[in-house]
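Trainee: First the structure, then my questions, so here it is.
The values are calculated or read from the model by the stated rules, or taken from the named source; none is laboratory data. On a predicted model such as this, the values are computed, not experimentally measured, just so you know. Note: ideal-geometry Cβ built from the backbone for every residue, glycine included; neighbour counts use all protein chains shown.
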Amino acid sequence: MKTDMSVPAIELKNISKTFGTIVANDHVCLTVNNGEILSILGENGSGKTTLMNMISGIYFPDDGQIFINGEEVVIRSPKDAFDHKIGMIHQHFKLVDIFSAAQNIVLGLDEKGKFNLKQVESKVAEISAKYGFEIDPTKKIYEMSVSEKQTVEIIKVLYRGANILILDEPTAVLTPQETQKLFAILRRMKEDGKAIVIITHKLHEVLSLSDRVSVLRKGKYIGTVNTAETNEAELTEMMVGKKISLDIERSEPKNSVDRLVVKNLSCVNRDGVKMLDNVSFTAKSGEILGIAGIAGSGQRELLEAIAGLQHIHEGEIIYNNPKTGSQDNLKDKTPLQIRELGVRLSFVPEDRLGMGLVGNMDIIDNMMLRSYRKGKSVFLERKAPKDLAERIIDQLEVVTPSATTPVRRLSGGNVQKVLVGREIAAAPTVLMAAYPVRGLDINSSYMIYNLLNKQKENGVAVIFVGEDLDVLIELCDRILVIGSGKITGIVDGRTADKSEIGLLMTKTDGGAENE
């Protein structure tokens, strides 16, 4: 049946959804046309994913109507969504590792008789040829890269006949080259008349890919604009509700000296696999050294090794102490001794509370975690930690009832602000920030970038591990690229381009350091 292009693919009328006292969506009206790519933008907690989960059958709306191709429908399950030719590709893939691509694609399909895998593989090849996918249908999931797994997820919904595709943060884990390939495929689908919805927070991608942009703020629909008629500043203002400067003021490094010299560093995990292989680089005071790489390339192990949390198999980490003028080898020191020297690790892992903060303790007590050992009396001094907690809440706009609220009751983004704020307040000489803006909205992200810049201007050696290459290029003085545990290159942040970094991210042999 041919799609009527004059009728919207999806029309939402007054859709509302609450979870207890939290209003996730508040009378949202939205239209998606056939043959278009619509981006949905909004800060954390604005209701983007909840809204899409209602279209794809994961949640059921409390109120409102959903129309598909002009007809009102009721979607109570993902199966109902598939019956209406709606397919959602989630941020976290739902694949069985030991199955092949073809087996995953037909998993759960209710077909009579035995599956003919050869026929499945032939149909997968046909879909791939039509849209430009590169996939081996016989390859096992555990052998695949992240972008190949994503391809399997997209083909899975196309195989089921989806004409409406929803993608949640599809480029979060892709290199620039993989992102360009994905965008080319999505444009071909659009030309084929499919309706495509993308949830994202990367404004430059929104502007390069979509036809229209719809913005949500605090669960409410703010408006839709044509992409060709808008810009980053206008979209940010719609998202946040006020004007925000999207400039990262990068100053020139001043009085820069070698603060941390890493030589021939290797780390081996419990299974005997080398996570870091002969890594050498220098971090300088008064500069921001960025670290780029595909997730799981050794970034975490590198920072943990410097902080004394990871066993060093070979090599050394020399810290040039600005207070004493001595050279200390961190390899032989405990995490506590390393911290005392002024080397601070503000690491924001997936489990934010598992590393650095205690969920059941309030914000003030979490500030005191750094100073308990210094207490000389039976009664701990609480005024300084209380002042620090209130200063962080105020400066970083932490959303919390008070400084005595248990940290586990804060949202992920607010937990992050407390963690980063506390580490910066410790006046470090080396500050390592791993994914400090992961999951933060644009306003909070720029606050953190500016905080890191202030640290650099104060003479701190800042090491910043980030996911967004545009931010790395705009923020960092130098960018170290890591691939499969080896350094594949070090580039100047002022002259680097995304494609150059993307190529280095996929290299597996070590490259020379070019200062």
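Trainee: Looking only at residues in segment 165-189 that are of a type in the set (D, E, K, R) and surrounded by fewer than 18 Cβ atoms within 10 Å (Cβ to Cβ), which one is nearest to the chain's Cα centre (by Cα)? Give the derivation first.
Mentor: In the first step, residues of segment 165-189 are kept if they are of a type in the set (D, E, K, R); the result is 168-169, 178, 181, 187-188.
From what is left, the residues that are surrounded by fewer than 18 Cβ atoms within 10 Å (Cβ to Cβ) are 169, 181, 187-188.
Details: 169: 9, 181: 19, 187: 24, 188: 26 Å.
In this case the residue turns out to be 169.
Trainee: Tell me the strands (runs of 3 or more DSSP E) entirely within segment 30-126 that contain at least 1 residues that are among the charged types (D, E, K, R) and in the same structural domain as residue 233 (by TED's automatic domain parsing).
Mentor: It comes to 36-41, 63-68, 71-73.
Trainee: Give segment 280-307 a look and list any residue that's within 15 Å of residue 452 (Cβ to Cβ) and of a type in the set (Gly, Ala, Ser), or say none.
Mentor: Selection gives 283, 285, 286, 290.
Trainee: Quick one: is residue 401 more than 26 Å from residue 247 (Cβ to Cβ) and free of Cβ contacts under 8 Å to residues at least 24 places away in the same chain? Steps first, answer last, please.
Mentor: Values: more than 26 Å from residue 247 (Cβ to Cβ): yes; free of Cβ contacts under 8 Å to residues at least 24 places away in the same chain: yes.
So residue 401 fits the description; yes.
Trainee: Among the residues that make up segment 277-294, is at least one of them under 30 Å from residue 178 (Cβ atoms), surrounded by 17 or more Cβ atoms within 10 Å (Cβ to Cβ) and among the acidic types (Asp, Glu)?
Mentor: Checked against the condition, which is being under 30 Å from residue 178 (Cβ atoms), surrounded by 17 or more Cβ atoms within 10 Å (Cβ to Cβ) and among the acidic types (Asp, Glu), segment 277-294 yields at least one hit.
Trainee: Next question. Can you pull out the strands (runs of 3 or more DSSP E) entirely within segment 159-247 that have at least 1 residues that are out of contact with any strand residue (DSSP E or B) (no Cβ under 9 Å at 6 or more places or on another chain)?
Mentor: On the way: elements: 164-168, 195-199, 212-217, 220-226.
In segment 159-247, the matching strands (runs of 3 or more DSSP E) lie at 212-217.
Trainee: In segment 98-130, which residues are in contact with a strand residue (DSSP E or B) (Cβ under 8 Å, 6 or more places away or on another chain) and surrounded by fewer than 12 Cβ atoms within 10 Å (Cβ to Cβ)?
Mentor: Listed by number, the list holds a single entry, 98.
Trainee: Would you please name the residue that is farthest from residue 243 (Cα to Cα), looking only at residues in segment 436-477 that are under 12 Å from the mean Cα position of the chain (by Cα) and free of Cβ contacts under 8 Å to residues at least 40 places away in the same chain?
Mentor: Taking the candidates together, the pick is 437.
Trainee: Right, another one. Keeping to segment 131-149, report how many residues are outside any loop (DSSP other than H, G, I, E, B), surrounded by fewer than 17 Cβ atoms within 10 Å (Cβ to Cβ) and without any contact (Cβ under 8 Å) to a residue 60 or more places away in the chain.
Mentor: Going through segment 131-149 one residue at a time, the tally reaches 3.
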